1. Share of the chain's accessible area from carbon and sulfur, percent, 1.4 Å?
2. So, by mean Cβ neighbours within 10 angstrom, what's the order for 375-387, 49-61 with the highest one leading?
3. Just for the Cα atoms in the stretch 22-167, what are the lengths along the principal axes, largest first, rounded to whole Å?
4. Helix check for the chain. Which DSSP H runs span at least 24 Å along their own axis by Cα, with a mean Kyte-Doolittle hydropathy no less than 1.6?
5. In deg cm²/dmol, rounded to 500, what helix-only [θ] at 222 nm does the chain give when every DSSP H run of at least 4 residues adds -39500 (n - 2.57) and the total is split over its residues?
6. Can you return the aspartates and glutamates within cross-link range of Lys337? Criterion is Cα-Cα under 17 Å, with same-chain partners fewer than 8 residues away left out.
7. Considering every Cα-Cα pair within the chain, what fraction, in whole percent, is farther apart than 36 Å?
8. If the reach is capped at under 19 angstrom between alpha carbons, list the aspartates and glutamates near Lys214, excluding any in the same chain fewer than eight residues apart.
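The values are calculated or read from the model by the stated rules, or taken from the named source; none is laboratory data. Computed from a predicted model, the values in this text were never measured in an experiment. Here the Cβ positions follow ideal geometry from the backbone for every residue, glycine too, while neighbour counts run over all protein chains shown. Calculation scope for accessible area: heavy atoms of the full protein, side chains included, ligands and nucleic acids excluded. Shrake-Rupley method; radii C 1.70, N 1.55, O 1.52, S 1.80 Å.
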Amino acid sequence: METTSSRGRLAPGSASKLNLLVDVLLCVGALVGSAALLGHPLQPGNPDAWLLASLGALTWLLAGTALCFYDPRFSDRSVLDDVALSSIAVVGTTGVLFLTRLMLLSSPPLVALSLFPVLLWATVVGARLLFRRLAPREAPLEEALVLGIGALGRVTGEDLTAHGRRRVAGYLAFSGEKAPSGASLPVLGRVEQLEEVLCTVQVDVVYIAGNALKHAQEMQAAIKLCERFGLPFALPLHSFRMDRARPTRSTATGDSYLHFVTHAPHHHQMALKRLFDITASALALGVLSPLLLGVAAVIKLTSRGPIFFKQKRVGLNGKPFHMLKFRSMVVNAEELKARLEALNEQTGPVFKMKNDPRITRIGRFIRKYSIDELPQLINVLRGEMSVVGPRPPIPSEVEKYATWQRRRLSVRPGLTCIWQVSGRNQISFEDWMYLDMRYIDHWSLGTDLGLILKTVPVVLTGSGAS
């Protein structure tokens with residue numbers, strides 16, 4: 001549901017992405033400029049100059065990502081925090097370049113880099129101040145559900161709207177609460193309907209804005225339900241409700257809520273995971289382009305229909321997106337599926353069939369070796385998927401999920417996960433879900449790397465595929 005105030009806004013996170021691109025260019029510019037100002041210009045034909053420029057940009061990219069400098073979720077940091085993070089990134093990048101210069105005999109003298117940190121720090125801090133003013137013009141990043149239509153619930157919704165980082169998808173009323181006359185709140189029902197609402201409305205966070213004295217049981221039930229769904233939730237920081245009073249400084253108490261998540265957030269590791277996703281998917285698309293073009297040609301020449309198959313899937317926190325695959329089935333495969341439901345060989349709401357008659361000749365080959373999944377690298381590059389994560393389900397499957405199974409939607413879906421390296425179609429649906437929960441609960445960058453290494457031989461041998 002789009003509000004009038006949200007129309008014409010910038011895309012969510014666009015300021016941070018543009019800031020990152022500008023800073024990388026400023027890093028290269030500061031390197032070239034410092035050398036030129038000190039009389040030691042970097043020659044374009046000098047391979048060492050290209051190495052220094054590339055290494056400087058890469059180091060800045062890694063440092064900025066590791067520090068969550070460009071994470072839009074932290075756009076409300078203070079100016080001093082931004083300056084401090086910029087300084088850390090400048091020092092790290094300068095150190096790497098100086099060490100690299102010591103190992104390169106044909107590069108400009110070290111004095112040519114002495115002005116680099118000054119130029120870089122001044123330009124990136126200036127750019128950051130500019131983009132801080134641009135960030136409030138972005139559309140909201142997340143959808144929030146507010147439990148409570150009393151004074152606290154209404155103030156919470158007003159604060160979320162004022163800050164602009166989250167959009168209120170709706171409200172649920174606690175027992176005994178009524179919306180005041182004249183208030184135009186999008187009330188979706190009562191708190192006891194929370195599970196039904198979470199199954200039908202895409203929500204990223206739940207604000208439990210109840211009175212702890214009056215609504216203790218309802219608040220506790222809501223907490224348990226959010227935990228089962230794997231949804232972040234927030235509880236009031238104070239036990240007392242204030243109808244009109246406000247803190248004298250907004251930074252003193254944040255948004256007046258304590259925020260909880262159902263698994264360790266690992267913000268810095270998650271930022272590096274996203275950087276890896278972008279780099280790996282872009283490189284893979286470039287390296288595999290001959291294979292991708294060849295498969296596309298064969299599909300077009302051997303069967304009627306489009307090259308790609310676009311299917312609606314459910315992503316992070318229930319957000320839908322269109323997943324891309326090479327078409328491996330006949331054009332009317334979805335229509336034929338209803339006739340084959342009785343032959344389903346997989347338990348649970350998913351459909352799997354070893355000798356599926358809908359699969360084309362080339363389709364059987366590319367499915368066996370997971371070549372049909374390669375276009376999903378585009379989904380990874382766009383941020384809809386990750387290299388490693390639970391496989392994205394289709395909406396009809398999610399509708400049949402038990403409550404605890406919906407927690408697999410609390411992380412970004414991926415190309416591969418534990419299921420892919422544990423037998424794929426040879427394991428039951430229930431075990432598949434438990435494997436995904438194990439991945440979510442024990443995630444780390446090391447886990448992702450291990451799963452990627454295990455996936456390679458599984459894909460090359462076609463083990464467990466059908």
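1. After summing per-atom areas, the C and S share lands at 63 percent.
2. 375-387, 49-61
3. So the three principal-axis extents are 70, 23, 21 Å.
4. Once both thresholds are applied, what remains is 14-37.
5. -15000 deg cm²/dmol
6. Glu345, Asp356, Glu397
7. 42 percent
8. Within the straight-line cut-off, Lys214 pairs with Glu177, Glu192, Asp243.
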